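Report on one structure; see the data block that follows.
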Amino acid sequence: MQGGNHMLLEEPVRLASCLAPAKPKVFPSLTKIVGTLGPKSRSVEVIEECLTAGMSVARFDFSWKDAAYHQETLDNLRKAAQNVKKLCPIMLDTVGPEIQVDNSTGGSIELKGGNRVTITPDRSKAPSADILPIKFGDLAKVVKKGDTLFMGQYLFTGSESTSLWLEVIETSGEEVICLVKNTATLSGPIFTLHVSQVHISMPTLSEYDKQVISTWGLDNSVDIVSLSHTRSSEDVKELKAFLLSHDLQDTQIYAKIENSEGLEHFDEILKEADGIIISRGDLGIDLPPERVFMSQKTGIQKCNLAGKPVIITRVVDSMVDNLRPTRAEATDVANAVLDGTDGILLGAETLRGQYPVDALSTVGKICSEAETVYNQSLHFKKVVRHVGEPMAHEESVASSAVRSAMKVKAAAIVVFTFSGRAARLIAKYRPPMPVLAVVFPREGSDPSKWRSYGTTQARQCFSVRGVYPLMGSTDEAETGGLTKEEYGIKLALNYGRSVGIIKPYDRVIIFEKIGDSSVVKIIECDDSER
C-alpha cells in the first residue's frame, strides 16, 4: 500500500516490524546530523562520542562567546576526529541582523503576563521587568500598534516560561511600550528579540560577521558558512564576494531561511546558495502555526529538485532536558526524512543540553527507520521529470547509476571525484544505499595536510544525504602501483567491509569520469578483493 506522497508501506509487514526487536546499527543513517558544539559538548571525550553517535557536521554558533572559546572547541574537535579516524566539516553560523538585549549582570528577569515593559535603545539602563535595552536604535520606526514581538535566550523552545510574547501598545520617541502576553523568566547573558514579519534595516552580513569570517574563519579554512536570516539572493552574493576576497573561494554558503522575506525570495536564494537551512525556530514564530509545515515541505522539495542539500532545524527541543524526545518530535524527525531532507540540525540539544550524545543517537535511529520506508521510486521519477529532456550527459549517467544500483540491489555506489560534485549529483537521485565518494587530491596538493584533515571538498560531502567521503591518494607508495581505478575500488570496498555495509558477493556500482565521458560499472565483491 502506498500512503501519502512519500511513504511506501506494506501491511502487515511494516506494522509488525514496529514490534520486532531493533536490529543492531552497523552504519550511520543516510540522513546527516549537524551538531552544535558548546558547553556540554566541547571536550575531546564528548566530541569523540558525538562523532561515533552520528554527528556528521560540527556547527559553531558565533551569536555567543568569543573566537578564543570557539578555537579551543575546534582544536578539541580536530583531536577527537583524529582519535576516532573520522573527517568532520566545520560550519560557521553568522549572527546577522539579530536584535539583542545585553543582560550584562547575568541575573534572571521575571516578567508577569498583563504587565507592561518598555523596550529602549538606551543601553545605559539596566535590564529589568520594566525596561529592556536593545542594540538597535530604529525599532520604534519599524513597528506599530498591534505588532508581535518575541524575546528569549532560545526563542520558543517549546517552554513558554523561557520565552516572552509581547504586543506593541504604542511608541514614544525611540521607545516601544509593549504588553506582556505571558509570564516568563528571561535568563542568560543575551536575549534575542524577534519582530514578526517586519523588515529590520540591519545588514544580513554584519560587521561582526565579517570580522569573524576574515579571522577565525580564514585561519581555520571553514568548510561552510551558514548565513543567518538570509532575505534575498543579494545577501548570498555579498557573502560570496566577501569569501572570494579573503581567499575562501572553496567555502560553501548555506542560506538560512528563517523569516517571511527569505521564503518570499526562496527560489532566487536557492539558485545562488550551495545549500539551504530551513530554520524553524524564528520561521516558526514569523509564520502562523498552521503554515509552518508547508514552508518545510515546499522548501525541501525545491531543494531536492535542484539537487542542493537542505537541512531542517528544531526537531527535538525536549531533549535539552530529557533523555527521550516527545512522541510528536519523534514523528517530526521521521516526517522530515520522508519529505526528503538531507540533514537534521541540533542546536541547544547538543550545545547546552544535558544529553548531547543521546540526542544525536536517538535522531539517527529515527532517521534510519524512516529511510526504510522512504519512497525512492517516486522521488526518482519527480527529479527525472524536473530535469526534462534532452538530459545533460552527466545527469543521464548519474540517474542511470542510481537506477542500476536499484535494479541489482547494490550495497553501495562508489564515486571517484575531485570536487565532490559527482557525488552530489548521484545523491540528487536519492539512492537507498550509501554513496562512497573517493576524493582524490588535485595536482599540487600538500600531502601532509591532505592526509591529516582532507580537503574542504571532501569534508563538505558530509552534509549531503547518503554521501560518505574517503580520502584517496595519488602517491605511488600508498597506491602500491595500482591504477587510480583499481586503488579507488579497493579503498572503497575495504571501507565498506570494515563498517559492515559490503559483504562477500554483494554488488557495487562504480561511477567515474574518464576523459570527457562518465561511465557506470557493476562489480561483484568476493573475499579475494582485498
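The values are calculated or read from the model by the stated rules, or taken from the named source; none is laboratory data. For clarity, every value in this text was computed on a predicted model and none was experimentally measured. Neighbour counts run over all protein chains shown; Cβ positions are idealised from the backbone, glycine included. Areas reflect the complete protein model, heavy atoms only, side chains present, ligands, DNA and RNA absent. Shrake-Rupley method; radii C 1.70, N 1.55, O 1.52, S 1.80 Å.
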Qualifying position, being modelled with pLDDT under 90, in a helix (DSSP H, G or I) and out of contact with any Pro (no Cβ under 9 Å at 6 or more places or on another chain), among 15, 51, 74: 15
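Return yes when residue 290 is in contact with a helix residue (DSSP H, G or I) (Cβ under 6 Å, 6 or more places away or on another chain) and in a helix (DSSP H, G or I) and no when it is not. Walk me through it before giving the result.
Numbers: in contact with a helix residue (DSSP H, G or I) (Cβ under 6 Å, 6 or more places away or on another chain): no; in a helix (DSSP H, G or I): yes.
Answer is no for this residue.
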Does residue 179 fit the bill of being crowded, with 20+ Cβ neighbours inside 10 Å and either at pLDDT below 90 or of a type outside the set (Phe, Trp, Tyr) (or both)? no
Go through the stretch 358-386 and report how many residues are open to solvent by 40 Å² or more (accessible area, probe 1.4 Å) and touching a residue at least 12 places away in the same chain (Cβ under 8 Å). 8
Qualifying position, being open to solvent by less than 10 Å² (accessible area, probe 1.4 Å), of a type in the set (Gly, Ala, Ser) and at pLDDT 80 or above, among 29, 43: 29
Checklist (1) open to solvent by 10 Å² or more (accessible area, probe 1.4 Å); (2) in contact with a Leu (Cβ under 6 Å, 6 or more places away or on another chain) applied to residue 416, failing item: (2)
Go through (1) open to solvent by less than 20 Å² (accessible area, probe 1.4 Å); (2) under 22 Å from residue 363 (Cα atoms) and name the single condition residue 70 misses. (2)
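If a residue has to be outside any loop (DSSP other than H, G, I, E, B) and either at pLDDT 95 or above or surrounded by 23 or more Cβ atoms within 10 Å (Cβ to Cβ) (or both) to count, how many in the stretch 426-448 make the cut? I'd like the intermediate steps shown before the answer.
Our first condition is that a residue be outside any loop (DSSP other than H, G, I, E, B); within the stretch 426-448, this holds for 426-427, 435-439, 447-448.
So of that shortlist, the ones also either at pLDDT 95 or above or surrounded by 23 or more Cβ atoms within 10 Å (Cβ to Cβ) (or both) come out as 426-427, 435-439.
Counting residues in the stretch 426-448 that are outside any loop (DSSP other than H, G, I, E, B) and either at pLDDT 95 or above or surrounded by 23 or more Cβ atoms within 10 Å (Cβ to Cβ) (or both) gives 7.
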What residue, among those in the stretch 301-321 that are of a type in the set (Val, Ile, Thr) and outside any strand (DSSP E or B), is farthest from residue 266 (Cα to Cα)? 320
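Filter the stretch 110-124 down to residues that are assigned to a loop (DSSP other than H, G, I, E, B) and of a type outside the set (Ser, Thr, Tyr) and give me whichever is surrounded by the most Cβ atoms within 10 Å (Cβ to Cβ).
It comes out as 121.
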Identify, from the list 168, 176, 225, the residue that is within 24 Å of residue 349 (Cα to Cα), among the hydrophobic types (A, V, I, L, M, F, W, C) and assigned to a strand (DSSP E or B). 225
Restricting the stretch 300-317 to residues that are among the polar types (S, T, N, Q) and buried (at least 19 other Cβ atoms within 10 Å of the Cβ), which is farthest from residue 358 (Cα to Cα)? 304
Taking the conditions exactly as written (within 23 Å of residue 33 (Cα to Cα) and open to solvent by less than 10 Å² (accessible area, probe 1.4 Å)), does residue 75 satisfy them or not? no
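Please specify each residue of the stretch 50-69 satisfying the condition of being out of contact with any Leu (no Cβ under 8 Å at 6 or more places or on another chain) and at positive phi.
Taking the stretch 50-69 and keeping what is out of contact with any Leu (no Cβ under 8 Å at 6 or more places or on another chain), we get 51-52, 56-57, 63-69.
65 - this is the single residue of the stretch 50-69 that is out of contact with any Leu (no Cβ under 8 Å at 6 or more places or on another chain) and at positive phi.
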Filtering the stretch 250-268 for residues that are outside any strand (DSSP E or B), farther than 18 Å from residue 424 by Cβ and touching a helix residue (DSSP H, G or I) at 6+ places or on another chain (Cβ under 8 Å) leaves a count of 9
Mind checking whether some residue in the stretch 247-259 is in contact with a Phe, Trp or Tyr (Cβ under 9 Å, 6 or more places away or on another chain) and either more than 19 Å from residue 301 (Cβ to Cβ) or in contact (Cβ under 8 Å) with a residue 40 or more places away in the chain (or both)? yes
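A quick yes/no check of all residues on (1) within 15 Å of the chain's Cα centre (by Cα); (2) at pLDDT below 95; (3) of a type in the set (Asp, Glu):
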| residue | (1), (2), (3) |
| --- | --- |
| 317 | no, yes, yes |
| 346 | yes, no, no |
| 355 | no, no, no |
| 358 | no, no, yes |
| 365 | no, no, no |
| 373 | no, yes, no |
| 393 | no, yes, no |
For the stretch 322-338 the number of residues that are open to solvent by 10 Å² or more (accessible area, probe 1.4 Å) and among the hydrophobic types (A, V, I, L, M, F, W, C) is 5
Report whether or not residue 341 is at pLDDT 95 or above, farther than 24 Å from residue 508 by Cβ, within 24 Å of the chain's Cα centre (by Cα) and open to solvent by less than 40 Å² (accessible area, probe 1.4 Å). yes
Residue check, residue 105 against (1) part of a loop (DSSP other than H, G, I, E, B); (2) of a type in the set (Val, Ile, Thr); (3) touching a residue at least 60 places away in the same chain (Cβ under 8 Å); (4) open to solvent by 50 Å² or more (accessible area, probe 1.4 Å), all met but one. Which one? (3)
